[in-house]
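Contents: one structure, followed by commentary.
The values are calculated or read from the model by the stated rules, or taken from the named source; none is laboratory data. Computed from a prediction, not measured in an experiment: that's the story for all the values here. In this analysis, Cβ positions are derived from the backbone assuming ideal geometry, glycine residues included, and neighbour counts consider all displayed protein chains. We work out accessible area using only protein heavy atoms, side chains counted, and drop any ligands, DNA or RNA first. Shrake-Rupley method; radii C 1.70, N 1.55, O 1.52, S 1.80 Å.
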Amino acid sequence: MIDALVSWILTIDWRATMFGFAFYYPIFMAWMWIIGGLWFYLRRERGHTETPRFEGSGAEVEPVSIVIPCHDEADQIEQTIRYALATHYPRVEVIAVNDGSQDATGAILDRLAESDARLRVIHFGVNQGKAVALKAGTLAACSDYLVTIDGDALIHPHAVYWMMRHLTGGPRVGAVSGNPRIINRSTLLGKIQVGEFSSIIGLIKRAQRTYGRIFTVSGVITGFNRAALDSVGYWRADMVTEDIDISWRLQMDHWDIRFEPEALCYIYMPETLKGLWQQRLRWAQGGVEVMRRYGRGLFAWRQRRFWGVAIEYFTSLIWAYVMLAIAVLFCLGPFVPLPQQWRVATLLPQWNGLLLGATCLIQFLVSLYIDQRYERMGFLRHYFWVIWYPLLYWTLSTLTAVVAVPKTLLSSPCRRARWKSPDRGIQTDKDA
């Protein structure tokens, strides 16, 4: 039987298989996201005209605590706090956790707290990491429902309302992922990211919600049920991406995670290649970390609703290495004698590349149409910039995935994850 298996393996045209996978996988996933995203839009999003109404609600409204962990956020934290305090929700408090900042963040927070009793400030003398800061803010909160936002994020006045509709609407709703929007758009990288958050990230979250599980809540804005957090032990301090980790643990404990596109939050994103590389490498490491730590538990039948998301992620890692192998074969061709079947003549699109490109454009068209109600810029302006996405971000995603796998597997699994204030690009527009 072993001899037969070996003989069968030797008969496989591995070059054709590799190229076929590299070509068909993104097409298959694009149509999965298109169909899933459209299903979400038609069932849960289309025709929403409701506006928040609190007349006569009074004490019946559940209180909410907005938790803001921050580290070296002096340039942005005052605006973040003012947006949080301007939330249109009857019963809200804001808890800012100053995690060992070395700039004026602490002094700014103390000054703001003196002028508004709804703001409370927690100071750490030493950087403990975002996960510890989030847990400290949660334990200090007075309410059973929390909304966590980044220290540079500007929350929409109605975002809390939209999240609370989910959190109070079912006993097993553990978290609600919000909808980040990009503020800084002064460079090509910034403009492309505006389209990315609509055509890729937003569509993927809609599709994943349709088939049962979400890979990760948004680290920028998420609503949580305290009971859900308590049941899984809150955030882990030894994970690079605490948002991916808490998403997996909540769902593996059978808490539901939802996506609410109306829960808007405005953010600054990296507009330099260095900043973008560091951010995406961290995201890639976070995915590998959760697969390493929880992958074995996914084989249980009771986790079957998670299989689709896990398979999607694991297959994307294989695809990244296949793409790297194709690029290496192309580079070796002129210098190393290779068998004919392993020669790669060109990386330029042929007929199959044109088909893949057409699929991407359809995906972008559908997703930007769905998402246009949440954007300030015109629909066609987004479409013009997002067509550059495959050239830049597929390359970036491939390289970060290839680097993240060995980097994560060879690192110590028990090291405390600490943070630093990220690259937020060229901030020329301060108004959300």
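Matching residues to (1) in a helix (DSSP H, G or I); (2) closer than 20 Å to GLY295 by Cα:
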{"residue": "PRO157", "(1), (2)": "no, no"}
{"residue": "VAL160", "(1), (2)": "yes, no"}
{"residue": "ARG165", "(1), (2)": "yes, no"}
{"residue": "PHE197", "(1), (2)": "yes, no"}
{"residue": "ILE204", "(1), (2)": "yes, no"}
{"residue": "THR222", "(1), (2)": "no, no"}
{"residue": "ALA227", "(1), (2)": "yes, no"}
{"residue": "TYR234", "(1), (2)": "no, yes"}
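Give the residues of the stretch 264-296 that are modelled with pLDDT of 90 or more and among the small types (Gly, Ala, Ser), sorted by residue number.
Listed by number, the residues that qualify are ALA284, GLY286, GLY287.
List every residue pair whose Cβ atoms lie under 7 Å apart, where the two residues are 6 or more positions apart in sequence or sit on different chains, the first residue falls within the stretch 317-337 and is at pLDDT below 90, and the second residue, located anywhere, is of a type in the set (Val, Ile, Thr).
Once the first residue is at pLDDT below 90 and sits in the stretch 317-337, its partners that are of a type in the set (Val, Ile, Thr) give MET323/THR398; LEU324/THR398; LEU324/VAL402; ILE326/VAL344; LEU329/VAL344; PHE330/VAL344; GLY333/VAL344.
Criterion first (open to solvent by 20 Å² or more (accessible area, probe 1.4 Å) and out of contact with any strand residue (DSSP E or B) (no Cβ under 9 Å at 6 or more places or on another chain)) does LEU368 satisfy it?
For LEU368, the condition - open to solvent by 20 Å² or more (accessible area, probe 1.4 Å) and out of contact with any strand residue (DSSP E or B) (no Cβ under 9 Å at 6 or more places or on another chain) - is not met.
Among the residues of the stretch 84-128, which ones are surrounded by 23 or more Cβ atoms within 10 Å (Cβ to Cβ) and touching a Phe, Trp or Tyr at 6+ places or on another chain (Cβ under 9 Å)?
VAL97, ASN98, ASP99, listed by residue number.
Scanning the stretch 148-162 for residues that are open to solvent by less than 30 Å² (accessible area, probe 1.4 Å) and farther than 19 Å from GLU73 by Cα, which turns out farthest from the chain's Cα centre (by Cα)?
This residue is TYR161.
Just wondering, is there one or more residues in the stretch 194-216 that are open to solvent by 10 Å² or more (accessible area, probe 1.4 Å), within 13 Å of the chain's Cα centre (by Cα), of a type in the set (D, E, K, R) and at negative phi?
Looking through the stretch 194-216, at least one residue is open to solvent by 10 Å² or more (accessible area, probe 1.4 Å), within 13 Å of the chain's Cα centre (by Cα), of a type in the set (D, E, K, R) and at negative phi.
What is the one condition in (1) crowded, with 22+ Cβ neighbours inside 10 Å; (2) in contact with a strand residue (DSSP E or B) (Cβ under 8 Å, 6 or more places away or on another chain) that ARG172 does not satisfy?
In the conditions (1) crowded, with 22+ Cβ neighbours inside 10 Å; (2) in contact with a strand residue (DSSP E or B) (Cβ under 8 Å, 6 or more places away or on another chain), ARG172 misses (1) alone.
Any residue at all in the stretch 270-279 that's surrounded by 21 or more Cβ atoms within 10 Å (Cβ to Cβ), in contact with a helix residue (DSSP H, G or I) (Cβ under 7 Å, 6 or more places away or on another chain) and closer than 24 Å to GLY37 by Cβ?
No, the stretch 270-279 contains no residue that is surrounded by 21 or more Cβ atoms within 10 Å (Cβ to Cβ), in contact with a helix residue (DSSP H, G or I) (Cβ under 7 Å, 6 or more places away or on another chain) and closer than 24 Å to GLY37 by Cβ.
Is there a residue being hydrophobic (A, V, I, L, M, F, W, C), farther than 21 Å from ARG293 by Cα and open to solvent by less than 20 Å² (accessible area, probe 1.4 Å) anywhere in the stretch 238-261?
Yes, the stretch 238-261 contains a residue that is hydrophobic (A, V, I, L, M, F, W, C), farther than 21 Å from ARG293 by Cα and open to solvent by less than 20 Å² (accessible area, probe 1.4 Å).
Restricting attention to the stretch 55-70, does a residue exist that is surrounded by fewer than 17 Cβ atoms within 10 Å (Cβ to Cβ), at pLDDT below 90 and hydroxyl-bearing (Ser, Thr, Tyr)?
The answer is yes, given that some residue of the stretch 55-70 is surrounded by fewer than 17 Cβ atoms within 10 Å (Cβ to Cβ), at pLDDT below 90 and hydroxyl-bearing (Ser, Thr, Tyr).
Let's see how each residue does on (1) open to solvent by 30 Å² or more (accessible area, probe 1.4 Å); (2) in contact with a helix residue (DSSP H, G or I) (Cβ under 7 Å, 6 or more places away or on another chain); (3) in contact (Cβ under 8 Å) with a residue 40 or more places away in the chain; (4) over 22 Å from ARG209 (Cβ atoms):
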{"position": "LEU281", "(1), (2), (3), (4)": "no, yes, yes, yes"}
{"position": "VAL290", "(1), (2), (3), (4)": "no, yes, yes, no"}
{"position": "TYR294", "(1), (2), (3), (4)": "no, yes, yes, no"}
{"position": "PHE299", "(1), (2), (3), (4)": "yes, no, no, yes"}
{"position": "PHE306", "(1), (2), (3), (4)": "no, yes, yes, no"}
{"position": "VAL309", "(1), (2), (3), (4)": "no, yes, yes, no"}
